[in-house]
Structure formats: structure tokens, C-alpha cells
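Visitor: Got a structure for you, written out below as C-alpha cells; questions coming shortly.
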Amino acid sequence: MHLHKYEKVWLTFGMASLVIFLLIIGFAAFWKGTHPQSHLETIDQNNVEAHDSFKPENLGLTEVADGKYKVNIVASAFNYDFGVDKDEKAVKTIRVPQGSTVLFTITSKDVVHGFQVAGTNVNMMVEPGHISRYEAVMKNKGEFTIVCNEYCGIGHHQMFGKVEVY
Ligand code: CUA
């Protein structure tokens with residue numbers, strides 16, 4: 001079979017790109033340990049309160065060390081539960097100083113939700129039965145909207161919150 005010269009060039013280019021992409025994926029997955037966040041730890045979605053991170057008193061923002069914070073969240077249709085403040089009002093804004101390291105830990109009680117802090121690297125799929133975690137350094141000052149980016153039902157657009165970096 002005769003192959004035109006340019007055809008050979010493109011075939012070689014195509015196959016080489018495929019090999020390069022597979023090598024990059026293999027390197028990231030098996031050498032660097034990059035995996036979807038949600039498959040590291042499982043949880044009973046009908047009893048998330050039994051897990052230490054999702055006990056009502058442990059929800060929301062906690063300072064764990066100087067400049068290090070954790071935020072525990074329970075997602076459900078159609079709300080993010082960040083716990084309550086001292087007046088028993090539902091917390092909707094997470095406030096952290098600029099440059100702090102924040103570990104977000106989140107699970108879902110019902111269906112698949114998303115958890116994206118727009119304008120940062122925080123972007124997770126939140127699956128029932130799994131715990132998703134992501135640690136991020138809040139480099140920039142400002143207000144960042146938390147949105148659900150997985151369509152989860154009629155109130156999907158009502159799932160939001162805010163991260164304020166001061
Ligand atoms: Cu939760 Cu969309």
C-alpha cells in the first residue's frame with residue numbers, strides 16, 4: 001500500500017501525540033498519585049453525622065494551626081451546610097486571611113453535587129457515599145462565590161456560598 005508522504009507525517013504525528021498523552025496520564029496517575037478526590041474515602045450517605053468531620057458541631061471553618069484552616073461541609077439538595085454561627089444562624093460565608101491554607105472536606109447526603117470556588121483551583125465533584133477533599137492556598141484577596149456545578153435538581157441554582165479572603 002502506498003502512503004503519501006504527508007499522510008505518513010500526519011500518521012506519525014497522531015500516533016506520537018497519543019503515546020505522549022498516555023505517558024503524561026500514566027505519570028500523573030501512578031507516579032504523582034493524581035486521582036479523583038472523591039474515591040479516597042467512603043462514608044454512609046444516610047448517616048454522615050457519624051463521621052467526625054460531619055458532626056454538626058464540626059461543620060464550617062476551624063483554624064487548625066497558624067495560617068491553616070479546615071472547612072467541613074455537607075451538601076444536600078439544595079444547600080451547603082457550613083454549620084451555624086453563635087446566633088444559631090446558618091453560615092454562608094467562609095472568611096480566611098490572605099495566604100492561608102484551607103482544606104475543604106465535603107460529602108453529599110443525597111445526589112451528586114459540585115463544589116467550586118469560582119476564581120480558585122477548588123473544584124470538586126461531591127458524590128454521595130464518598131468524601132471529597134481539596135487543599136488550596138488562598139493567594140488572592142477578594143470574594144469568591146461557591147457554586148454547585150453539577151445539575152442536581154430543581155433548586156440547583158440555589159446552592160451557593162462565599163469565600164471571603166481578607
Ligand atoms: Cu447541587 Cu447542583
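Visitor: I want to verify the translational diffusion coefficient of the stretch 109-166 in µm²/s; compute it with Stokes-Einstein, Rh as the Kirkwood radius over Cα pairs, at 20 °C and 1.002 mPa s. Could you put the intermediate results ahead of the total?
Guide: Values: Rh = 12.1 Å.
D, rounded to a whole number, is 176 µm²/s.
Visitor: Now, a different point. What aspartates and glutamates could a cross-link reach from K139, if we take a straight Cα to Cα line under 14 Å and drop same-chain neighbours fewer than 8 places away?
Guide: Partners found: E164.
Visitor: What number, in nm² with one decimal, is the all-direction average of the projected area of the convex hull of the alpha-carbon atoms of the chain?
Guide: Working: hull surface 58.2 nm².
The Cα convex hull of the chain, projected and averaged over all directions, gives 14.5 nm².
Visitor: Follow-up. Give me the percent relative contact order of the stretch 48-165, please, defined on Cα pairs under 8 angstrom at least 6 residues apart.
Guide: Values: 288 pairs, mean separation 29.0, N = 118.
It comes to 25 percent, rounded to a whole number.
Visitor: Within the stretch 85-166, list the trypsin sites (Lys or Arg not before Pro) lying in a DSSP loop whose Cβ has at most 13 other Cβ atoms in a 10 Å radius.
Guide: Details: sites: K86, K89, K92, R95, K109, R133, K139, K141, K162; in loops: K86, K89, K92, K109, K139, K141.
Those that pass, being in a loop and sparsely packed, are K86, K89, K92, K139, K141.
Visitor: Here's something else I'd like to know. Measure of size requested: the Rg and Dmax of the stretch 78-133, with Cα atoms as the atom set and Å as the unit; please supply both.
Guide: 12.6, 34
Visitor: Another one. Over 29 Å between Cα atoms, which of K86/K162; K32/K92; K86/K109; K55/K162; K32/K55 qualify? Walk me through the intermediate numbers first.
Guide: Numbers: K86/K162 18 Å; K32/K92 35 Å; K86/K109 25 Å; K55/K162 21 Å; K32/K55 32 Å.
As for pairs spanning more than 29 Å Cα to Cα, those are K32/K92; K32/K55.
Visitor: Taking the Cα centre of each part, how many Å lie between the stretch 129-166 and the stretch 10-37?
Guide: Each part's Cα centre sits 30 Å from the other's.
Visitor: Just the Cα atoms of the stretch 3-65, one point each, no solvent: what log10 I(q)/I(0) does Debye give at q = 0.16 Å⁻¹?
Guide: -0.76
Visitor: Using only the alpha-carbon atoms, how far is helix 5-26 inclined from the longest principal axis of the chain? Give it as 0 to 90 degrees, nearest 10.
Guide: 30 degrees
Throughout, read-outs are computed from the coordinates displayed, never taken from laboratory work. It should be emphasised that the depicted structure is a prediction, and the values quoted were computed from it without experimental measurement. Glycine gets a Cβ as well: all are built from the backbone with ideal geometry, and neighbour counts include every protein chain shown.
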